[in-house]
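The values are calculated or read from the model by the stated rules, or taken from the named source; none is laboratory data. If you're wondering where the values come from, they're calculated on a predicted model, not measured in any experiment. Methodologically, a virtual Cβ is constructed for each residue, glycine included, from the backbone with ideal geometry; neighbour enumeration extends over all protein chains shown.
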Amino acid sequence: MTLSSPLLLAVGLLVTAALAWAAVVSARRRTAALAAAGVAVPGGRQAHLGIGLTIAGVGALAIATAGPTAMVPVPRTAGTVILAIDVSNSMGADDVAPNRLAAAQRAARAFVAAQPGSVDIGVVAFERGALTTARPDADHSIALAAVDRLKVTGGTSLGTAIMASLSAITGKPVAAGRDDATPDIGYWPSATIVMFSDGQNQGAGVERAAAVAQRAGVHIHTVGVGTEAGATVKVDGYHLQTSLEEDTLTLIAQTTGGAYHPASDAARLVGIADTIDLRLTVSDEPLPLAGGLIGLALALLTAGAALTVLRSGRVI
């Protein structure tokens, strides 16, 4: 147990001790006076119960004023979540109404709304490059604002998206490494990446980036936005056919211990928020004890006053 104001506790206990001493002295003088007058002393120990309860109530108040808190283990969903959202040109396709990016934004907002305040949420927007638009923060309004600002632009690089998300998690630049070497960025088991994309990829290094995440203990859940039938988008004056490519998204999820979530319409996208498994951790949380002690003090003071009135016909 810890105290926010030990000095108040010391003062309160001194007052309580002084009251107890005064009660004992008063009782002895009263007993001596009654004995000298030839009057029998009534009640024995029970006669002093009311006074004892009253003093105990004052002592409980003294402890409460010191602001006691106890650390108790509390299970909670906690950690860091990075929403990696594809903003490439193909996300402008309208095979998911009103278009893939708008549907992904709606699903991302639903996901954020479903998370407790113990989860820090960040946002990474990615196309051929990637940009952290909101660093992980317990203030979820920051992530929501970042999601709302996203616009369609550029190509797609899923590998770059993963590395940028890992950089946001670790707070430092993360590179995939060269050849077959997988860089060690530490172990981050409470971190999760939720990637919204149509799976179209124009960059290399997806498997290597997924291996980096896997080694770091970071699960990646992928959400496929779009349909197999696809749609046509206009890019630089050209009309290009684009469709959902699930294989790469499935590979990323399976490599990192996450799951792939196909979503062929907006309604299923919104439901993705309920299917993402975050990590349950146990942490010590401060539990204020003042309220309980004040309630106990009031009960003791009330009982003490009632007993005193019943036995002597007057309050102390």
*asked:* When you check ALA62 against the structure, is it part of a helix (DSSP H, G or I), within 30 Å of LEU3 (Cα to Cα) and at pLDDT below 85, yes or no?
replied: yes
_Residue pairs, Cβ under 6 Å, 6 or more apart or interchain, first in segment 28-43 and part of a loop (DSSP other than H, G, I, E, B), second modelled with pLDDT of 70 or more. List them._
VAL41/THR31
*Are any of the residues in segment 189-208 among the β-branched types (Val, Ile, Thr), under 24 Å from the mean Cα position of the chain (by Cα) and not in a strand (DSSP E or B)?*
no
*asked:* Condition first: part of a helix (DSSP H, G or I), crowded, with 24+ Cβ neighbours inside 10 Å and more than 25 Å from the chain's Cα centre (by Cα). Now tell me which residues in segment 133-159 satisfy that.
replied: LEU158
*Select, from VAL87, VAL81, VAL96, the only residue that is surrounded by 13 or more Cβ atoms within 10 Å (Cβ to Cβ), more than 22 Å from THR192 (Cβ to Cβ) and touching an Asp or Glu at 6+ places or on another chain (Cβ under 9 Å).*
VAL96
*In segment 147-179, what count of residues is obtained for those that are farther than 19 Å from SER118 by Cα and free of Cβ contacts under 8 Å to residues at least 40 places away in the same chain?*
10
*From the residues in segment 175-202 that are modelled with pLDDT under 85 and among the hydrophobic types (A, V, I, L, M, F, W, C), which one is surrounded by the fewest Cβ atoms within 10 Å (Cβ to Cβ)?*
ALA181
*Being under 24 Å from ALA97 (Cβ atoms), surrounded by 15 or more Cβ atoms within 10 Å (Cβ to Cβ) and out of contact with any Pro (no Cβ under 9 Å at 6 or more places or on another chain) is the filter here, so list the residues in segment 203-239 that pass it.*
HIS221, THR222, VAL225, GLY226, THR227, GLY230, ALA231, VAL233, VAL235
*If you check VAL81 against the conditions, is it assigned by TED's automatic domain parsing to the domain that holds VAL152, in contact (Cβ under 8 Å) with a residue 24 or more places away in the chain, hydrophobic (A, V, I, L, M, F, W, C) and assigned to a loop (DSSP other than H, G, I, E, B)?*
no
